[in-house]
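Shown next, in structure tokens, is the structure this report addresses.
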Amino acid sequence: MKLYSGLYKRLTPVTIFGLSTEGYKIASSLSSYNLQTTIVDENLNVGMQLKRDILERFDSVAALLEDEALLGLEPIEDAISKAKCLFFTPKIRIREMEAKSTIGLRLKTIVKNLSKGTIIVNTLPTSYGGNRENVSLIEKLTGLEAGVSFDYIYAPLVPGTNKPLVLGSIKVNADKALIECLKSALTDVPEILPIQLAELIYSKHIIEKYNSIITKLEFFEMLDKDSKLALKDFTKNHEIYLESMVDNLFDIKVIADSLKTGEPMKYMVTGILKSLDSYFKYVVNEVRSIIRDEGLKASRTRILVVWSIDPFEIRGDKMSTLSTLVERLHDCVGDIATFNAIPYLKALRLESGMKKGLPLSMDKENVILTCSEGDFELVFKSTKIERPEIRPIIIKANLPIEVVK
């Protein structure tokens, strides 16, 4: 791929703060342009130089860490101070109410070593006005002036990707070099907008997504078993699994936190969150009903929750939701197991002898709860081919909570 050396000269080297899946995808994209790239482990505060051969050998953060590859290391101070372009991609693993202060602490970690002329690209979703708060914090800690001594871009990413849904900037007109740098790091780069407009458009996108989901969710929760069966064909091509509901859960909570009590939008977003919380209870109640209807004894039943979760994504809601789900399912049966298919599928691709199949019980009835469409397809195939002697009850954690035998 052709490199426009004149345009990129002032935008390299690039530093990515946050050893996340999204950050690693940005690094992989930059490697196509042979740009000098360093990724910082936000927990160890150590920079790791990612050269093209490393990124070609390891397709994910997990693969990189598992191999314990020899990387060029450098202090975080050097990694930040040398950066001409800095992507902010830290993993968020705390409650949303504490996220704001934690993100602020992460920002303080990097900006104290920030150099004049650096471009900061924030890939985390923020509330309305959240980026202005970040910019004010940076100005206060560095003495630099936004739009003059440093640039700031808002680029909230689709979970697990390096694709921004919107781009916002504190400067009305972005120069050609900046646009080319963003195109080298991100995919499907949209038009750059004023930052507050970008925040509003992103919030609108997230709210519309969840409004659509909860409209269907509330509808299915009102139906009895016979009605759900009657609508089976109708819902066949409109499946929404638990994973889709949790993808942007952090985002909707951040938006809710920024709204004032009494605002119409506050009621709307609060209703979304209440509906989602009721869905988690709904799943558990449906599993309990299925176990009862099938005549299974709790002591003779194992529930296997299958959910392929990437533990390195910026947002950590899937992991916390899984933990909550398992805890609530213990009210149904005592034997609960979980299965993440990501390592299993990787072993299949590599034809590795290390792969392990579903942890099904040989002496109990197996009830499998699948939390994404991909997980359902994997479970359905593997139980038919690899374990035909075991006939589990497979439940889709989708809106109608469908049962497959």
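Only the coordinates and a few stated rules stand behind these numbers; no lab work does. Just so we're clear, the structure is a prediction, and the values are computed from it rather than from any experiment. Cβ sites come from the backbone with ideal geometry, for glycine too, and all protein chains shown count toward neighbours.
If you fit an axis through the alpha-carbon atoms of helix 130-142 and take the longest principal axis of the Cα set of the chain, what angle between them do you get, 0 to 90°, nearest 10? It works out to around 40 degrees.
How far, in degrees from 0 to 90, does helix 21-31 lean away from the longest principal axis of the Cα atoms of the chain, to the nearest 10? With both axes taken from Cα atoms, the answer is about 50 degrees. Between the listed residues 287, 219, 245, the Cα displaced farthest toward the positive end of the dipole of the chain, a dipole computed from Cβ unit charges relative to the Cα centre, is found at 245.
Think of each Lys and Arg Cβ as +1 and each Asp and Glu Cβ as -1; about the Cα centre, that makes the dipole of the stretch 5-190 roughly 540 debye. Beyond 21 Å between alpha-carbons counts as too far, so tell me which of 163/281; 163/381; 84/112 fall in that bin. Distance filter (> 21 Å) returns 163/281; 163/381. Which of rounded, prolate or oblate describes the stretch 200-404 when judged by the alpha-carbon gyration tensor and an a/c cut-off of 1.5? The shape class here is prolate. Placing +1 on the Cβ of every Lys and Arg and -1 on the Cβ of every Asp and Glu, with nothing else charged, gives the stretch 200-404 a dipole about its Cα centre of roughly 220 debye.
As a proxy for reagent exposure, ranking 180, 66, 243 by other Cβ atoms within 10 Å from fewest up yields 66, 180, 243.
From most to least packed by mean Cβ count within 10 Å, the peptides 253-259, 224-230, 80-86, 56-62 give 80-86, 253-259, 56-62, 224-230.
In terms of its alpha-carbon gyration tensor, the stretch 62-116 comes out oblate; a/c meets the 1.5 threshold, while b/c is at least as large as a/b. Each peptide among 114-127, 294-307 gets the average number of other Cβ atoms lying within 10 Å of its residues, and from highest to lowest they stand as 114-127, 294-307. Over 30 Å between Cα atoms: which of 108/253; 100/396; 253/364; 176/318; 176/253 fall into that group? Over 30 Å apart, Cα to Cα: 100/396; 253/364; 176/318; 176/253.
Since only 203, 322, 264 are under comparison, the one whose Cα sits farthest along the positive direction of the charge dipole of the chain, derived from C-beta charges on Lys, Arg, Asp and Glu, is 203. The Cα center of the stretch 119-155 and the Cα center of the stretch 182-204 differ in position by 15 Å.
Between 0 and 90 degrees, the angle of helix 176-185 with respect to the longest Cα principal axis of the chain falls at about 30 degrees.
Using the alpha carbons alone, the radius of gyration of the chain stands to its Kirkwood radius in an Rg to Rh ratio of 1.01. Each Lys and Arg contributes +1 and each Asp and Glu -1, all at the Cβ; summed about the Cα centre of the chain, the dipole is approximately 260 debye.
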